[in-house]
Amino acid sequence: MSALVEISGLDVGYLRHRTIRPAVVGLDLRVEPAEVVAVVGESGSGKTTLANAVIGLLPANGRVTAGSAIVDGVETAGAKERTLRKLRGSVVGLIPQDPMVGLNPTKRVGAQVAEAVRLRGGTEPAEEYLEQAGVPDPAMRARQYPHELSGGLRQRVLIAIALAGQPKLIIADEPTSALDVTVQKRILDHLSGLVREQGIGLLIITHDLAVAADRADRVIVMQHGRKVEEGDPRTILTVPRQHYTRQLIAAAPRLAHGGRVVPRFDVRGQEEPAAILTLTGVSKTFAVSDRRHGRRGFNALDNVSVTVPRGRTHALVGESGCGKTTTLRIALGLEPATGGSIKLDGTEITGLSWNKLRPLRRKAQLVHQDPFATLDPKFTIGQSITEPLVSFRIGDRRSRQARARELLDQVALPAAYLDRLPTELSGGQRQRVAIARALALRPELLMLDEPVSALDVLVQEQILQLLADLQQALGLSYLFVSHDLAIVAEISHTVSVMSEGRVVEQGPVAEVFTNPQSRHTRELIDAIPGQRADAV
Amino acid sequence: MSLDFAQDVQVDAPPPVEEVPSRGANLRANLRQLARKPVFLIAVLYVFFVVVSAFWPKLFTSAGPYDTHPETAMLSPRLGHLFGTDLYGRDLWTRVLYGSPLTIKATLIALAIAIVAGLTLGVVSGFFAGFTDAFLMRVVDVLLAIPGLLLALSIVTALGYGTIPVAVAVGVGIVPGFARTTRSEVLRVKTLPYVEAARAGGASWGRVLWRHILPNSWGPVAVLAVLDAGVAIIAIASLSFLGFGAAPPAAEWGTLIADGRNYLVTSWWLSLLPGLFVALLVLSLNHISKTLQELTR
């Protein structure tokens, strides 16, 4: 049987300022029918460019400069739009990265699936494919609009659209990186099941080696546009030949520990230090109104009690929408609580006005999730870092500069970055700057809102290491919000698992991970990718 | 981590230094990109020329705007009389140049009024939201409902003619656009994490507004300002065309075009050349605005 995809010596580059910058260099790749191949690499390694080149969807300045990419017997490198259009949908289906923007918001999802069926020339109802993609109650869902569906359901609709073309190959570009770990697991389980049943080839593009190793028959590791390693997951995990692959393995907590999740800290049986932050019975009700039910309250938080011990890290874990970010914002006083009490370092902060609360800001600071939006694009790094000092009128220009240098040094960035703008920095570097800014006032408590979930696995590990080092050096306490238990295991001492606005389980990480009591906790632990490492 | 890299003898290629263009390089690249657009350069030069000639017309003509020469009346355009001459033998080129100060000055003042008032309205309404927002936006809606020229005509009729009244009349007419654009930008920037980060860092709302929201929301407003300069020029020319302009023999773009109307068949240059002069200016401003918009996107 001939290969579905046969790429040999492919060079792809982007035209910028009249020079072509290579993004993919001399790549060879084969995908057989009913085979799952995963391409792994950090952002900028050229993996998405590769996927786009195969399906002929390179951006306007993308150029295939050498080599060939044969898909189902048709040469796509340099092919005309007409040839490519015949391939798309019916031969190659693409599942885009972001389910939130991948669907047309003004059309019912059924109609969007039906469109793909019609383009192939088929007549079956759209519900059939929604059902195949694992959408529950397809007849009802088909009549809904994308905004009425959750992220996981939208991703399934996108899969249904890809399936509707009855393709021979599906390309999934980071199909789950925008989703919670539990949803991610369900979607990937379902997708690989479909592939094996129907004999479709699957090309998964991901930055997470653990995800790739769990699903793929063959893993290809890419770095700087080149293939650095290729092989079946077992070989790659046990005898990685390249330093880069070893780094990727080390960065995936579960792979590094042979398929088990090993918490870094074990505080069972130790005496708990005094609390720096205590939330007691905090509730939050948002007023929502819709046409059918009129105005009513929506319980975002229901009687949540959380304690952050001094000098330790407490994690809030749960799926999106479970109220963990709301808890964090309330603890910081950015949002008022409907009920309950919040004590920061012994001071009750509920009901305090902004001006009364302001001095307490020096004790607790916040680090956001998205490193690309957390720095003012018009501010230099130095201005951003010293801004809290300026707000509190601490020191003069010279002492602030000195403090900024010291802070950059603490987060392991060169002092030369003081005059740079955020656009000149990578995601990981920006997150370091955000941490430096949060440290400027010498706070005792840092609130971290998914600080690494927007970053590549390798950078994630560096930032987590930095946070651990800072905790040790400065005696900081962290309140750490995350949906990923693997990351929590790397940094936290204690954890609260949340679900639908309630805390369902609480305790030392080592205890919760080895002996989970609640169903939600077990689900979250099962969803950590890297289980195949068990087998090896 | 449990893996040991110490006995790792294999040497990987060093990772290439991440290429991030420095700020200076970015600016240079932008300027180079602009310099490669000849139409944009011509437009900028033309606007520059018109503004300079409005303040120092003597640089570009030696004749006076009121010097009549009956013997050279109604000459068609030629060397020495670039735009030809009018009924009294006055050099039309000179009159066009001397006719620009009021328009240009009024346009600049009108823009200043519109930017200040529009930015204030937009920022206040975007920032405070709720009732303030609803109230201010309804006021703006009412302003939008009145045709700009009608509003300008009423204001000029009430205040009389002159640089300041014309500037006020035209400026008030273009305030709503500025207010709306600013408001939408403020609403966008207000929810960004860096604003929250500044708040969490103890910054007061005033500081957040001044240092974060304003600098990050005025980009589209600047583009709109260039675009509206063209609108203002046309509005002022229309006013003087309709007879609300300076009294004869003083010249002005609108009155020049109006005066030549009766001779369109015999002496086309009397109306068409001043008209083209103004049209080209507005066109240049629109082109500059569009190019800037593409650049900032």
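See the values below:
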| quantity | calculated |
| --- | --- |
| Candidates B:ALA200, B:ALA134, B:ALA279, ranked by Gaussian network fluctuation over chain B, Cα under 10 Å, top entry | B:ALA200 |
| Choice from B:THR68, B:THR107, B:THR94 showing the highest fluctuation, given a GNM over chain B with Cα pairs closer than 10 Å | B:THR68 |
| Cα shape, the stretch A:419-473, gyration tensor, a/c 1.5 rule | oblate |
| Fraction of alpha-carbon pairs over 36 Å apart in chain B - percent | 36 percent |
| Computed magnitude of the charge dipole of the protein assembly as shown (debye, nearest 20; Cβ of K, R +1, Cβ of D, E -1) | 1960 debye |
| Whether the stretch A:141-214 is rounded, prolate or oblate, judged on the alpha carbon gyration tensor where a/c under 1.5 counts as rounded | oblate |
| Label-point separation in nm, B:LEU283 to B:ALA158, each point 7 Å along Cα→Cβ | 3.7 nm |
| Mean projection area, nm², convex hull over Cα of the stretch A:446-535 | 6.6 nm² |
| Approximate shape of the stretch A:275-534 as ellipsoid semi-axes (Cα gyration tensor, √5λ), whole Å, largest first | 30, 24, 18 |
| Distance violations [Cα-Cα > 24 Å] among A:LYS80/A:LYS168; A:LYS107/B:LYS190; A:LYS80/B:LYS290 | A:LYS107/B:LYS190; A:LYS80/B:LYS290 |
| Helical mean residue ellipticity (222 nm; -39500 (n - 2.57) per DSSP H run of 4+; nearest 500) of chain A | -10000 deg cm²/dmol |
| Sequence of A:ILE330, B:ILE146 once ranked by neighbouring C-beta atoms within 10 Å, starting from the fewest | B:ILE146, A:ILE330 |
| Alpha-carbon Debye profile of the stretch B:152-207, log10 I(q)/I(0) at 0.14 Å⁻¹ | -0.58 |
| Chain B: calculated mean residue ellipticity at 222 nm from DSSP helix runs of at least 4, using -39500 (n - 2.57) | -21500 deg cm²/dmol |
| Dipole magnitude (debye, nearest 20) for the stretch A:153-237, charges at Cβ of Lys, Arg, Asp, Glu | 180 debye |
| Cβ-Cβ FRET estimate between A:GLU271 and A:ARG393, R0 fixed at 60 Å, reported to 0.05 | 0.90 |
| Where N is the number of residues in the stretch A:399-492, Cα Rg divided by 2.2 N^0.38 Å | 1.06 |
| Equivalent ellipsoid dimensions for the stretch B:178-297 as semi-axes, Å, which come from the Cα gyration tensor, largest first | 46, 15, 8 |
| FRET efficiency, A:ALA402 to B:LYS37 (Cβ-Cβ, R0 56 Å, nearest 0.05) | 0.80 |
| Translational diffusion coefficient (Stokes-Einstein; Kirkwood radius from C-alpha pairs) of the stretch B:121-163 at 37 °C, 0.692 mPa s, in µm²/s | 274 µm²/s |
| Label-point gap, in nm, between B:LEU150 and B:ALA29 - each point 7 angstrom along Cα→Cβ | 5.0 nm |
| Cα shape, the protein assembly as shown, gyration tensor, a/c 1.5 rule | prolate |
| Taking the stretch B:96-296 and dividing mean pair separation by its residue count, relative contact order in percent (alpha carbons under 8 Å, at least six apart) | 26 percent |
| DSSP-defined beta bridges in chain A - what % are antiparallel, rounded to 5 | 55 percent |
| GNM result for chain B, Cα springs below 10 Å: residue of B:SER154, B:SER125, B:SER100 fluctuating most strongly | B:SER154 |
| Cα pair count fraction exceeding 23 Å, expressed as % - the stretch B:78-179 | 45 percent |
| Spin-label model distance (nm) - B:TRP205 vs A:ARG310, 7 Å beyond Cα toward Cβ | 3.6 nm |
| Contact order normalised by residue count of chain A, Cα under 8 Å, 6+ apart, percent | 16 percent |
| Sequence-separation-based contact order of the stretch A:275-534, relative, with Cα cut under 8 Å and 6+ spacing, percent | 26 percent |
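Every number here is computed from the coordinates shown, using simple stated rules; none is lab data. On a predicted model such as this, the values are computed, not experimentally measured, just so you know. Here Cβ is always computed from backbone atoms with ideal geometry, including for glycine, and neighbour counts include all displayed protein chains.
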